[in-house]
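These notes are about the structure you will find just below.
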Amino acid sequence: MSTHSTKDFQPQPGATPFLEERSDGSLALYIEGDIQFDTRDEALYHEALVLPALSVVRKRHARPQRLRVLIFGGGDGLALREALRFPGVDHVD
């Protein structure tokens, strides 16, 4: 994997994978020129992915205790991070 430190980076198709290290300390990962991950907005994405489902569970159960969560994919661990922040989550597979 190559690294690059420029804020004006324009990924080229086929330049896979490419990690952009920005001057503000943020990172972006590109594969085949398509952005896969950006530290500047990843929290918003993962919150929107996890919190709606857990909120539905909370509303359907008067006292949701010891919630078990199953995450498919999620290899980066960030959905896991958001699930564990949710009150009552006891176990994640």
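Points worth noting:
- Modelled spin labels at Asp41 and His91, positioned 7 Å past Cα toward Cβ, are 3.7 nm from each other.
- Think of a 1.4 Å ball rolled over the protein heavy atoms: the range 15-93 then has 69 Å² of accessible area per residue.
- Surface composition of the range 48-93: carbon plus sulfur atoms hold 55% of the accessible area, using a 1.4 angstrom probe and ignoring ligands, DNA and RNA.
The values are calculated or read from the model by the stated rules, or taken from the named source; none is laboratory data. Please read these numbers as outputs of a predicted model, since none were measured by experiment. Note that we place each Cβ from the backbone using ideal geometry, even for glycine, and neighbour counts take in every protein chain shown. Side chains included, ligands, DNA and RNA excluded: accessible areas come from the protein's heavy atoms. Shrake-Rupley method; radii C 1.70, N 1.55, O 1.52, S 1.80 Å.
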